[in-house]
DNA sequence: CCAAGACTTGGGAGCGCTCCCAAGCTCATT
DNA sequence: AATGAGCTTGGGAGCGCTCCCAAGTCTTGG
């Protein structure tokens, strides 16, 4: 299969390479007849412009990088990441950008790669999933001019100058806890994680709902987990000693682990203990019983992250963009509600 | 942050750009003293070579593409894909290649992109997860010179000229079914998928084990599923009407769905029905009960796919490489074994 | 009719690097 | 002493494209 160049196509169509370039880049100032002739030759030859030459001449690669810092490594099988990656990939396809992936195994690797990602011209911009409390990656790339968007809220101290796309975690947890309270439950536990800002915000929303409804906050009803099914199982086993009537789990994976722990004690969901999750993963609706959960618009977040990044690349970095997407409560059987 | 060029670094170090190029590319014929001087200037300036210029001049991008055809779209949250992607990404990092991702939404998109992927110089090679029966993507790129490796066995007709990395699915299913037979079970069901070659091979191994041990194959004990937990649940519900004593599920996700269906009927695993899966996903060991399963070396497969592709890129496409990785049976509680 | 502006086209130059060959120096062998 | 081989260094050229400006043609308004 022959590699054609602009010059080749120009000769075949009887025009210059400049004209061919104008045609493939949809620029004005080419007559319709000439345009048609060039497009015909392109179709017949299967010509594809050389990516490296385009990048070098135009100073942009049309490649976006998706970065996952090393501390997310063990959580990577959580469906949340598959859904985010899928949404980002599809959005890139829509906009004629290529997504590339940077999954790091160590902080050293991150330090080594950050400079190269920011300076080599390999990528036009970055999407960073870095709402974890102790990730340094964003700090490392900030001195450079490379455009980036964070998925998840940054810490408050740096939030003003960092563009991010987040979901309203606090409101979601508030909805979940309020729903359980409205169902009449008083001893409401939480399976919480404090590794990232999402975890903190969900914890805050849970606490606010209890306070707003005049319920006391019993710290013994809050067990720490990480965002995995197995970790949720262990945390729920611990929480069962406190005899909660209901439990809010900060993610669906945690919720499924909690359900498994409850059933392993021959208790029933929701008859003995009601459960609410957060995410509305594909698995939630088909769980036993179907899971009441807070739906976060993951696909939408991924899409918006790409679009926000392209906006930054194409217009200007300032002002920083802060997008917080609404969540909604999806009531199914696990909370004992009659829906 | 200034963008430095080879010329800049050469001037600062008092050498030509050719010498700087030789230093950053680890080429011989540069004196140690000069090398050191250049490296010092590089450290002080933070110089990063421009990727597009390198690609254009050297005719290689050092970017590998990972392709997932559109029919895998709905299965993408299966942890198998996260693990494969993670392994591929890490192997790319080790070899100083950048992974890029092509998740397609339609066959049209695939057709449109195949030519560009194969011809634009954007990527040096492709890894294709395309063992599904009706994927056309591999056929579309074959006329081009682009190096590629398939993950999963191709159909027999095209197997000789396509390089692939697979696991021994047939042997794995044989082990699983044999284990159940050795436990004394006679009415052994299967939750099967026939969408891809892995599914076919696992079905073949299951059948061969039964035949080898003189057990009849009862087609009513084989229910069709796809590779998801929910689909496994539904298929198991169907299979329960046939009263199996044990069941081999072609993946861990299917097995977890089967376990849930069994428990929803107030039956116990393994006391009432034994279950064996395939994959050894992170979830398998921590399931209730811990899942007996066939471990496939996903991380190893992903790594080998990258290394095989680099070998093809760096040496030659022929002969095609066929790598089949061994699997192993991991005995836990779900099959009723005393381990 | 003339001048100015808009449209169309082509060619020079540059983007930042790698590849390749020429030139110079040093060392070893005859 | 002369010659050849090996090492080191530098500069020309090219990779394939985009950007920019010059030149030519056509249209419109005064």
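Here, each number is a calculation from the coordinates, and none is a lab measurement. Just so it is clear, the model here is predicted, and its values are computed rather than measured. Cβ: placed from backbone, ideal geometry, glycine included. Neighbour counts: every protein chain shown.
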C-alpha long axis of helix B:252-264 to longest principal axis of chain B, angle in ° = 30 degrees
Nitroxide proxy distance, nm - points 7 Å out along Cα→Cβ at residue A:267 and residue B:155 = 5.3 nm
Distance from segment A:57-133 to segment A:177-191 (C-alpha centre basis), Å | 38 Å
Label distances, nm, residue B:3 versus same residue in remaining copies, Cβ-directed 7 Å point | 2.3
With no solvent term and unit scatterers on the alpha-carbon positions of segment A:135-205, Debye gives log₁₀ I(q)/I(0) at q = 0.13, 0.17, 0.25, 0.29 Å⁻¹ of -0.49, -0.70, -1.14, -1.35
Residue separation times 0.36 nm, minus the C-alpha to C-alpha distance between residue A:73 and residue A:31: what's the value?
-> 9.8 nm
Per-residue [θ]222 nm for chain A (sum of -39500 (n - 2.57) over DSSP H runs n ≥ 4, rounded to 500) | -13500 deg cm²/dmol
Classify segment B:1-128 as rounded, prolate or oblate, taking a ≥ b ≥ c as the square roots of the eigenvalues of its Cα gyration tensor: rounded when a/c is under 1.5, otherwise prolate if a/b is larger than b/c and oblate if not.
-> prolate
Nearest-first distances (nm) between copies at residue A:186, label 7 Å from Cα via Cβ = 5.7
Exposure proxy order (Cβ contacts within 10 Å, fewest to most) of B:62, A:213 | A:213, B:62
Once the Cα atoms of helix A:169-182 and of chain A are each reduced to a long axis, what angle between those two axes, in degrees from 0 to 90 to the nearest 10, is obtained?
-> 30 degrees
Report the residue, chosen from B:183, B:318, B:242, that carries the largest GNM mean-square fluctuation when chain B is represented by alpha-carbon nodes joined by springs under 10 Å.
-> B:318
For the pair residue B:187 and residue B:144, what calculated FRET efficiency results from E = 1/(1 + (r/R0)^6), where r is the Cβ-Cβ distance and R0 = 51 Å, to the nearest 0.05?
-> 0.50
What one gets for segment B:127-267 as the Kirkwood radius, inverse of mean 1/r over different Cα pairs in Å, is 16.1 Å
For chain A, longest principal axis from Cα atoms; helix A:32-45 axis from its Cα atoms; angle between them, nearest 10 degrees, is 70 degrees
Sequence of B:236, B:281, A:140 once ranked by neighbouring C-beta atoms within 10 Å, starting from the fewest = A:140, B:281, B:236
Base-10 log of normalised Debye intensity for segment A:195-303 (one unit scatterer per alpha-carbon) at q = 0.11, 0.15, 0.17, 0.22 Å⁻¹ = -0.33, -0.62, -0.80, -1.30
Rel. contact order, % - alpha carbon contacts under 8 angstrom, at least six apart, chain B | 16 percent
Counting every C-alpha pair in segment A:33-98, the percent lying more than 13 Å apart is 76 percent
Checked the protein assembly as shown against the a/c 1.5 cut and the a/b vs b/c comparison, axes a ≥ b ≥ c from its Cα gyration tensor; verdict oblate
Label model pair residue B:44, residue B:11: point-to-point distance (7 angstrom along the Cα→beta-carbon line) in nm is 1.5 nm
Treat each spin label as a single point 7 Å out from the Cα along the C-beta direction, and report the residue B:211 to residue A:105 distance in nm.
-> 4.2 nm
Rounded to whole Å and ordered largest first, report the semi-axes of the equivalent ellipsoid of segment B:71-177 derived from its Cα gyration tensor (root of 5λ).
-> 23, 18, 15
Which distances, shortest first and in nm, link residue A:116 to the matching position in the other copies, using label points set 7 Å out along Cα to C-beta?
-> 2.6
Note: chain B at 20 °C, 1.002 mPa s; Kirkwood Rh on alpha carbon pairs; Stokes-Einstein D in µm²/s works out to 96 µm²/s
For segment A:6-49: rounded, prolate or oblate by the Cα gyration tensor [a/c cutoff 1.5] = rounded
Listed residues A:301, A:57, A:82, most fluctuating in chain A (Gaussian network, C-alpha, under 10 Å) | A:57
Which of these, A:165, A:327, A:15, has the largest mean-square fluctuation under a Gaussian network model of chain A (Cα springs below 10 Å)?
-> A:15
